[in-house]
Every structure is written in structure tokens, then in C-alpha cells.
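A short write-up of the structure that comes next.
The values are calculated or read from the model by the stated rules, or taken from the named source; none is laboratory data. Model, not experiment: these values are computed from the prediction. Note: ideal-geometry Cβ built from the backbone for every residue, glycine included; neighbour counts use all protein chains shown. With ligands, DNA and RNA removed, areas are computed over all heavy atoms of the protein, side chains included. Shrake-Rupley method; radii C 1.70, N 1.55, O 1.52, S 1.80 Å.
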Amino acid sequence: MLTTVAAAALVMSALIPTAQSEAVPPPDYVTVDVVTVNGSGCPAGTAAVAASPDRTAFTVTYSAFLAEAGEGAAPTDFRKNCQLAVKVGYPQGFTFGVAQADYRGFAHLQAGATGMEQGNYYFAGMSPTGRKSHSFTGPYSDNWQATDATEFGSIVYAPCGESRLVNLNTELRVSNGSAQGTSFMVMDSTDGSVSTKYHFAWKRC
């Protein structure tokens, strides 16, 4: 026989859906295409996007996204940015948001130098999300990774029945500070894996 506390707990668990129970499986197909590319960190032909095979995410790979400072670096090389407008195709009856972004690359920061990655993503015609930044301090010479995640209940979805481009803004900065030599930070994957992964949150309209 259930106690009063146990019975109340069962009722509450039935009334309050969890993120898992609200999650919607991905649709039968997803396509992702770059519409426009701007920024010093992604010259023409150096950024590519693709939907993951399981349709739960899409990836962006860069081949020239590098910020550097110090000896031999140009004065403007300390900051590099990339702005992509991406079109996502999927069946009617669905819409999506971006639940999480995983960024990765390599950094070589001398003692006294610092590096920073920051980014945001939003639908065209809608308010941009706040930029989230991640800092790294020298001495550092290794792969780096950063994640921006959105609470399930705060995910912004594209309006149902409308095709909205997704704007992806990413920036790298390096300050050599008191360091000697050259420091750099790159949004690139020397091991062949993706540089950035954006995770879908699907919803039925």
C-alpha cells in the first residue's frame, strides 16, 4: 500500500515532464548547407558543414581559423572571427533549436599569454543569444575544447512552418601579454575530427 508521500511523488512525476520525456526523435532526413560566409577566420572555401548520420547534430569544419600574437604576427592577427548563415532542411511538421555547441581546436600559448574562444547562434530575424566565452592561460600547448549548453526549457526554436537561416558567430582572440615569442589559437582539428558540433533539439509542430 502506497504511503501518502510516495503517492504524492508519483502524482508529481506524472505532472512534471522531464527533458527526456519531452525529447523528440529526429526526422527522417536533415540537410545542412552554407548560404553565406563572412569573417577573417573563414576565407572562401575554408569552412564546410554537414549533418551527422544520426541527424542529431551538424558539424562545422575549418581549415584556416587561426588567431596569433607576438613575434612574426600581423597587428590584426590577434582576433579572427567567422560568421556563417546555414540553411537546415527537414520534413514538414518539425522544427528545431540548437541545444548545445561543442568547440575544439589547438592552442600554443606562451607563459604570460592568454587565449579566448567565444560564440553564439541564433535564427535570422530573431534576437541573438548572449555570447559565451572560454579563456585559456599560458603556458599551454595542447588541444582545447569548450561547450555552450542551453537548458532544455530555454532552447529557442525556429517558428513552425517557416524556413529560417541559422547564424553561427565564432571568434578567437590571443593576447601575448608579457610573453616572448609567438602564441596562437586555432579552431581546427589536426586529427581529422570535426572542429565544431551543434546539437539539434527537435520538436513537432
Study note, to complete from the structure: Within the under-10-Å Cβ sphere about Arg173, not counting Arg173, Lys/Arg +1 and Asp/Glu -1 give a net charge of 0
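Report the relative contact order of the chain, percent, no decimals, based on alpha-carbon pairs under 8 angstrom and at least 6 residues apart.
On the way: 497 pairs, mean separation 63.6, N = 205.
After rounding, I find 31 percent.
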Practice item. Could you please state how large a percent of the accessible area of the chain is carbon and sulfur, counting protein chains only and using a 1.4 Å probe? Key: 54 percent
Point to revise | Whole-number percent relative contact order across region 51-118, with pairs defined as alpha carbons under 8 Å at least 6 apart | key: 14 percent
Check your understanding: Where does helix 4-15 land angle-wise versus the long Cα axis of the chain, in degrees 0 to 90, nearest 10?
Key -> 70 degrees
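Which shape class, rounded, prolate or oblate, goes with region 34-121 when its Cα gyration tensor gives a ≥ b ≥ c as root eigenvalues, a/c under 1.5 marks rounded, and past that a/b bigger than b/c marks prolate?
Prolate shape, in that a/c is at least 1.5 and a/b is the bigger ratio.
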Study note, to complete from the structure: For the chain, the per residue accessible area (1.4 Å probe, Å²) is 52 Å²
**Study point:** Cα-centred dipole magnitude for the chain, charges only on beta-carbon of K, R (+1) and D, E (-1), debye, nearest 20
**Key:** 440 debye
Check your understanding: Sorted by mean Cβ packing within 10 Å, highest first, what order do the peptides 64-76, 110-122 take?
Key -> 110-122, 64-76
Review point. Per residue, what volume in Å³ does the convex hull of the Cα atoms of region 25-65 enclose?
Key: 73 Å³
Check your understanding: Once you have the alpha carbon radius of gyration of the chain, what is it after dividing by 2.2 N^0.38 Å, with N set to its residue count?
Key -> 1.23
